[in-house]
1. Could you count how many residues in the stretch 17-46 are over 18 Å from the mean Cα position of the chain (by Cα) and either at pLDDT below 95 or exposed (fewer than 10 other Cβ atoms within 10 Å of the Cβ) (or both)?
2. For the condition in a loop (DSSP other than H, G, I, E, B) and of a type in the set (A, V, I, L, M, F, W, C), what is the one hit in 6, 32, 61?
3. Any residue at all in the stretch 31-45 that is more than 24 Å from residue 9 (Cβ to Cβ) and among the hydroxyl-bearing types (Ser, Thr, Tyr)?
4. Can you name every residue in the stretch 9-29 that is outside any helix (DSSP H, G or I) and small (Gly, Ala, Ser)?
Amino acid sequence: MGLSKVVIEAAHLDGISVDQFIATAIAEKLSVLMTLDYLRNRADRSSSQAFEEALSEIPDVEPEEYDRL
């Protein structure tokens, strides 16, 4: 089955137009790319020292019963 037929069928199953389906797919892809870009930028600005400092602020106590693994 060709891509266009798959898109038409998927749009039909979602109860939306093909145009809406394609626009939503593009928006979802852009969201993923923007999130990856954001995370890369945050990672570039981070440091092991800052991470360790943040961890050191966490109290050294036993977790609540509902939080235990």
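The values are calculated or read from the model by the stated rules, or taken from the named source; none is laboratory data. Here the structure is a predicted model, which means the values were calculated and not measured. Cβ coordinates were reconstructed from backbone atoms using ideal geometry, including for glycine residues, and neighbour counts include every protein chain displayed.
1. So the answer is 4.
2. Only one candidate qualifies: 61.
3. Yes, the stretch 31-45 has at least one match.
4. Once the filter is applied, which keeps residues that are outside any helix (DSSP H, G or I) and small (Gly, Ala, Ser), the stretch 9-29 yields 15, 17.
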